Each structure stands twice: as C-alpha cells, then as structure tokens.
Protein chains: 2
Amino acid sequence: MVTQQDVADRAGVGRRTVSHVVTGFPHVSPEARERVLRAIDELGYVPNRAAQQLRTGRSGVIALSVPQIGVGYFGELGALLIEEAASRGLGLLIGQTLGSRDRESVEIERILALQPEGMILSPLGLTAADVEQIAARTPVTLIGEHFIGHDIPGVGESIVIDNVRGSLELVRHLAQSGRRRVAYVGMPAEVAPRFDALRREGTYAGRAAEGLEPVADLLTADYTWEEGYRVGREAAHRVAAGELDAVSCVTDEVAIGVMRALHDAGLRIPTDVAVAGSDGIPEGLRANPRLTTVAPDKVELARRAVAAVIGEPVPEGFVPHRVVLREST
Amino acid sequence: MVTQQDVADRAGVGRRTVSHVVTGFPHVSPEARERVLRAIDELGYVPNRAAQQLRTGRSGVIALSVPQIGVGYFGELGALLIEEAASRGLGLLIGQTLGSRDRESVEIERILALQPEGMILSPLGLTAADVEQIAARTPVTLIGEHFIGHDIPGVGESIVIDNVRGSLELVRHLAQSGRRRVAYVGMPAEVAPRFDALRREGTYAGRAAEGLEPVADLLTADYTWEEGYRVGREAAHRVAAGELDAVSCVTDEVAIGVMRALHDAGLRIPTDVAVAGSDGIPEGLRANPRLTTVAPDKVELARRAVAAVIGEPVPEGFVPHRVVLREST
C-alpha cells in the first residue's frame with residue numbers, strides 16, 4: 001500500500017504538499033504539483049477519497065442543477081462552470097431537472113445524497129420552502145430569476161443580470177435606429193416565468209421612455225425555435241399590415257425561429273423589420289442575419305456562482321450584460 | 001443525530017431499504033423510495049456519504065471527460081449520459097479537456113482524485129499508454145474513434161457507430177438521387193483525427209461502389225462553422241465550374257457553415273448542390289434547408305457507455321446509426 005509519505009519522498013516535497021495536491025487545494029506551485037502528480041503516477045498511489053472526505057468534510061465536488069444541459073444557454077454556462085470549478089480543484093456534478101417541481105425534487109435529492117460542498121441551482125418549479133430545505137443541507141446559490149425578491153433563509157441573492165434594464169436598452173437602440181413599433185415576443189404574462197416577465201417589463205419601459213406607442217405582444221407557448229417560427233409567421237402579417245417594425249424576443253432561440261419565418265415570408269431583416277433576442281447564445285452569431293441580443297457576461301456569472309457557493313465574497317448587484325448589436329437590427 | 005434506523009422506522013421499511021435508497025441501488029420500488037425520501041426530508045437525515053464510500057467502496061458518481069460540453073454533439077450526449085447515470089442512481093461528474101494531451105492529463109487526474117466508479121472518456125490527444133494507466137485506477141469506457149483498433153489492456157472496445165458504413169450509405173443516397181460528383185469536406189488526411197479519416201474512407205468507398213468519379217476534397221482547418229463557411233465559398237466556385245454537385249461534410253456544424261456560404265453565393269440547395277453532414281445535432285433540424293445527416297443512436301450510445309463503465313453487459317459491435325434524409329439533399 002503506497003502512502004502519501006511515499007509519494008512525498010519520491011517527489012521531494014513535504015507530505016502536506018501531497019495532501020494539498022490530492023485534495024485540490026489551489027495554492028500549490030505548478031512545479032511541485034507536477035512532481036507530485038508524476039510521483040503518484042509512478043507509484044500508483046490511490047488517494048483514499050472517502051477517508052479524506054471523512055477527515056476534511058469535503059467531497060471535492062459542487063453540484064449544478066439546471067433544467068437542461070444540452071441547450072444553448074445552459075450548455076455554454078455549464079462549460080464555464082466546469083472551468084470555474086476546475087480552477088479551484090473542484091469537480092462539477094451536473095443534474096438536469098427538466099423544469100418540473102417533481103422532477104427537480106427527485107433529482108436534487110439524488111445529488112444531495114452525494115454530499116456536494118454546495119449546489120448551484122436554477123429552479124423553475126421549486127417553491128421557496130423547497131429551496132430553504134435544500135439550503136439546510138448544503139450551501140445553495142441560485143442562478144436565474146425564479147426567486148428574485150424572495151428572501152429565503154440561508155440563501156443569498158440570486159445571481160442574475162438586470163433583465164429589465166437590458167430589454168430597455170435594447171428598445172432604446174431600436175428607437176434610435178428609427179423603429180417606432182416594437183412588439184414583445186414571449187409567453188402570456190399570466191403564465192410567463194419570471195425572466196420572461198422582467199424582459200417584457202423592460203421592453204414596455206423602453207417604449208415608454210422613448211415615446212414609442214404600445215404594440216400588442218406576440219404570444220408563444222414555450223421557448224422553442226418552433227414556437228418562434230410559428231409566432232414569426234404571425235409577425236410577418238403584422239409587419240405587412242404596418243402594425244410593427246421591430247420585435248424584441250424573450251430568448252435568442254425564439255428570435256432565431258422568428259427570423260426564419262420572417263425570411264420565409266419574403267421580408268428583409270432588418271430593412272422591413274428588426275429582430276432582437278436575449279441570452280447571447282452561440283447560435284445567434286451563426287444566424288443569418290447575425291442576431292442582436294442582450295448577452296449576460298457568462299464568465300462573470302459562472303465566477304460569481306462558484307465563488308458564492310463555496311463561501312468566497314461575491315460582488316453585490318447584477319452581473320453585467322451587454323446589448324450586442326449585430327446585423328438583425 | 002438521525003440514523004438510518006430512524007428513517008426506516010418512520011418510513012415503515014427495513015433499514016436495508018433505506019440504505020439502498022441513499023446509495024442509489026436501483027432495485028427499490030418507487031413507493032418504498034418515495035416513503036424513504038419523505039422520511040429523510042421529515043427527519044432531516046443526512047446520509048454520511050464518506051462513511052458509505054469507505055464501507056461500500058462506491059462513490060456514487062461516474063465521470064465523463066469530453067473535449068467540450070458546450071457544443072452541439074457533446075451537449076446532447078452529455079444530457080443523455082446524465083439521464084442514463086441518474087436512472088442507475090449515479091451522479092455524472094463532467095470534465096472537459098479541450099482536446100490537448102496536456103490538458104486532458106491534468107483534467108483527468110483531477111477527476112480521478114474524486115474516485116469515480118468509472119470514467120467515460122472521449123480522448124483526442126491521449127496515448128494508448130496514458131489510457132492504460134488511467135484504466136489501472138478506475139474502469140474506463142472509451143467513446144469516440146480515437147482508439148479504434150488499439151487493444152488497450154483492461155479497456156474494452158470503443159463505443160462507436162460504423163462511420164465508414166454511414167458515410168457510404170450517405171453517398172449511396174446521393175447517387176440514387178442523381179448526384180455524380182460528391183466532394184468530401186474535412187481536415188487534410190495527414191492530420192485528420194480518426195473519425196474524420198473514417199468518414200472520408202466511407203465517402204470514397206461509396207463513390208467507388210456507386211461508380212461515381214473521384215472528386216478532390218475540400219479541406220478545413222478545424223470543425224467550426226466558420227471553417228465550413230470558408231470552405232463553402234470555395235465549394236460555390238467549384239459548383240459553378242461544374243466540378244461537383246454534392247458535398248458530404250465531416251460534421252453537421254461544418255455542413256451548416258457550408259450551406260450558408262452556398263446560399264450566400266446564390267446557389268440553391270439541393271437543386272444546384274446537395275449538402276449532407278454527420279452527427280445529427282439539433283441545429284441541423286433548424287437549418288434552412290434542414291440538413292441530411294448520419295445520426296448515431298445517441299440514446300443507445302449513452303446507454304452502452306454507462307452500462308459498460310459500471311460493468312453491465314453491453315451488446316457487441318457498432319451502435320446503430322441512421323441516415324436521416326432531410327431537405328438539403
């Protein structure tokens with residue numbers, strides 16, 4: 001049985017340094033780390049993680065729970081969170097909840113049983129009481145807008161961008177480039193999740209601030225490309241009727257579907273109608289035309305989420321965002 | 001301190017059932033599981049994972065190491081692997097290696113230190129000796145084509161589709177719909193990774209089988225949309241010169257870039273030129289026109305990968321694929 005001392009001897013470092021390397025402690029010089037890893041390899045040392053965990057109380061992983069990891073926004077964010085966690089020597093355990101409260105509960109219970117050092121949570125169906133219960137068992141950091149304004153004991157502020165401001169800035173840009181009739185595209189206000197409601201609010205506020213007339217919303221049933229396409233056909237009729245000259249879409253995926261429908265209806269973007277989205281997903285950069293969007297600083301979002309969940313200080317307030325102007329407006 | 005026995009009493013089940021639920025043992029009835037989880041919630045029981053791991057030798061997680069989780073193919077596959085693992089009560093720990101051997105080594109070392117019960121690996125830079133060393137420390141299952149034909153001690157066959165056959169079938173379909181000059185789009189043969197080489201081989205074999213004339217390849221520098229677009233402009237000239245009437249692209253992402261360039265050059269797809277890809281990524285379904293592709297059965301791929309890594313029997317041979325015919329051909 002190879003011990004940490006054997007590894008230390010072979011690597012020519014102290015046992016403490018070996019321990020730091022295998023527990024993922026960040027402050028080890030690259031050279032020492034390299035020597036230790038080589039010695040581990042040469043000796044076939046297997047760190048006893050379970051014993052470590054009992055001793056240190058650390059599992060070396062944090063958990064991420066999101067609705068879906070395979071879609072644009074969460075795929076990119078997941079990748080950044082893995083990088084952020086790795087830079088602190090932590091693994092990222094990913095659960096996907098598919099958005100319903102039942103599924104979220106089961107999935108989160110399963111991940112909690114693995115005793116992560118904390119959990120980054122993007123809930124859609126959970127109640128504040130659910131989250132409070134989870135936070136009693138592991139540090140919780142919320143990303144996404146679901147619990148904005150809720151004060152959940154043991155849980156800090158949600159890490160989010162200022163969606164109202166982002167959507168308002170987008171309308172300002174549209175107004176300054178000559179648009180007068182900006183429609184909002186999203187789910188009906190009565191059922192829309194919080195992020196959708198905030199983006200609608202910002203769009204309305206932007207219209208008011210710029211002296212634009214109110215325009216009836218275009219209503220989607222969900223946030224898929226397909227619903228964007230369906231609603232885009234409706235938008236095409238309203239553009240032709242002179243009822244609108246720009247659409248501000250709840251997400252980029254919806255906006256890309258809208259653009260395709262407008263294009264298929266023979267309309268020119270942005271000449272006949274401007275289209276904008278929100279989220280800054282990579283697909284918007286490939287769309288034709290390239291999509292104007294409100295993009296959160298996802299690197300900073302990931303940095304804050306990981307920092308918060310492991311108890312490091314995190315700047316207060318919103319994560320920065322940018323209105324990224326591209327060809328579609 | 002709440003014990004497993006307390007939970008068992010409250011749930012009205014045996015202590016063994018509680019243990020099975022918290023260790024993620026799959027054969028527990030949904031009703032019993034539900035009762036146990038409710039009792040855990042009510043009593044605030046925290047299973048001592050570290051003690052469990054010491055006792056059972058099981059960490060409850062398997063690891064996935066892929067080049068990038070935020071791109072189409074691995075995003076979708078990652079999501080399916082999470083589901084597969086979850087269905088067996090296992091967490092999925094994701095590492096991303098960005099493809100270089102150095103980065104792969106560091107990242108894999110870090111994940112190994114968490115003592116996963118096994119690792120699903122999609123390497124690009126690692127050598128067979130590297131993988132053999134990893135396999136000495138945890139069960140390894142390979143996905144992807146990098147080690148096809150290598151016999152690595154302790155590691156089973158790579159879980160892959162029959163890329164040669166898929167590309168051949170694609171050319172057959174192109175030939176049957178009247179195409180005579182099918183160009184392959186991928187990295188130069190000297191430097192192409194294995195999956196690219198196999199797809200080229202299948203394209204060539206298909207042309208030979210269908211009696212089509214050889215056509216010079218179109219060469220990309222990588223597998224991005226941007227390189228697809230660049231090469232697509234070249235393709236447009238060659239289509240105009242009558243040198244080719246179809247392109248078989250190494251990946252969907254490249255194919256989508258090629259389509260955009262052909263479209264921008266005023267060519268009609270598929271009237272003037274047919275375009276096909278490989279991978280079956282969701283974006284191909286949204287492309288205009290919708291992209292014909294060789295799609296692996298990713299659900300089956302994920303099922304086999306998880307089964308293999310935890311030592312369940314896995315069917316021999318290739319994972320099934322389908323040539324999915326869409327508007328682009």
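Computed from the coordinates by the stated procedures, all read-outs in this text should not be read as laboratory data. Keep in mind the model is a prediction, meaning the values are calculated, not measured. As a convention, Cβ positions derive from the backbone with ideal geometry for all residues, glycine included, and neighbour counts pool all protein chains shown.
Numerical summary
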quantity	calculated
Sequence-separation-based contact order of chain A, relative, with Cα cut under 8 Å and 6+ spacing, percent	14 percent
Volume per residue that the Cα convex hull of the range B:69-144 spans, once the total is divided by residue count, Å³	85 Å³
Volume per residue that the Cα convex hull of the range B:198-318 spans, once the total is divided by residue count, Å³	121 Å³
The protein assembly as shown - Kirkwood radius from inverse mean 1/r over Cα pairs (Å)	26.7 Å
Distance (nanometres) between label positions extended 7 Å along Cα→Cβ at B:R101 and B:E31	5.8 nm
Estimated distance in nm for a label pair at A:D9 and A:E190, the labels positioned 7 Å out from Cα along Cα-to-Cβ	7.6 nm
Structure-based [θ]222 nm, chain B - -39500 (n - 2.57) summed over DSSP H runs of at least 4, per residue, nearest 500	-14000 deg cm²/dmol
Alpha-carbon radius of gyration plus Dmax, which is the widest Cα pair, for the range A:242-299 in Å	11.2, 41
Coarse-grained scattering of chain B at q = 0.09, 0.13 Å⁻¹, given as base-10 log I(q)/I(0) from a Debye sum over alpha-carbon atoms	-0.56, -0.93
Residue of A:P282, A:P67, A:P296 that the Gaussian network model of chain A assigns the largest fluctuation, springs spanning Cα pairs under 10 Å	A:P282
By average C-beta atoms within 10 angstrom, highest first, the peptides A:83-90, B:166-173, B:215-222	B:166-173, A:83-90, B:215-222
Separation of the B:S87 and A:A241 label points, Cα + 7 Å toward Cβ, nm	4.7 nm
Ranked by how many other beta carbons lie within 10 Å on average, peptides A:252-262, B:138-148 from highest	A:252-262, B:138-148
Charged-residue dipole, Cβ positions (Lys, Arg, Asp, Glu), the range B:61-158 about Cα centre, Debye nearest 20	220 debye
Shielding by partners, peptide B:73-80 (average Cβ within 10 angstrom, other chains)	5
Inter-chain Cβ neighbour average for residues A:59-69, partner chain, 10 Å	3
Test item: Cα-centred dipole of the range B:238-305, Lys/Arg +1 and Asp/Glu -1 on Cβ, debye	180 debye
Local net charge near B:T97, Cβ-Cβ under 12 Å (Lys/Arg +1, Asp/Glu -1)	-3
Signed unit charges on C-beta, dipole axis of chain B, positive-most listed residue B:V185, B:T271, B:V309	B:V309
Distance cut-off 19 Å, percentage of C-alpha pairs in the range B:139-244 lying past it	53 percent
Charge dipole magnitude, Cβ of K and R +1, D and E -1 - the range B:202-276, Cα centre, debye nearest 20	160 debye
At 7 Å out from Cα toward Cβ: A:A216 inter-copy label distances (nm, ascending)	5.8
Relative counts (whole %) of C-alpha pair distances in the range B:81-188, using bins that are 5 Å wide	2, 10, 17, 18, 16, 11, 9, 8, 5, 3, 1, 0
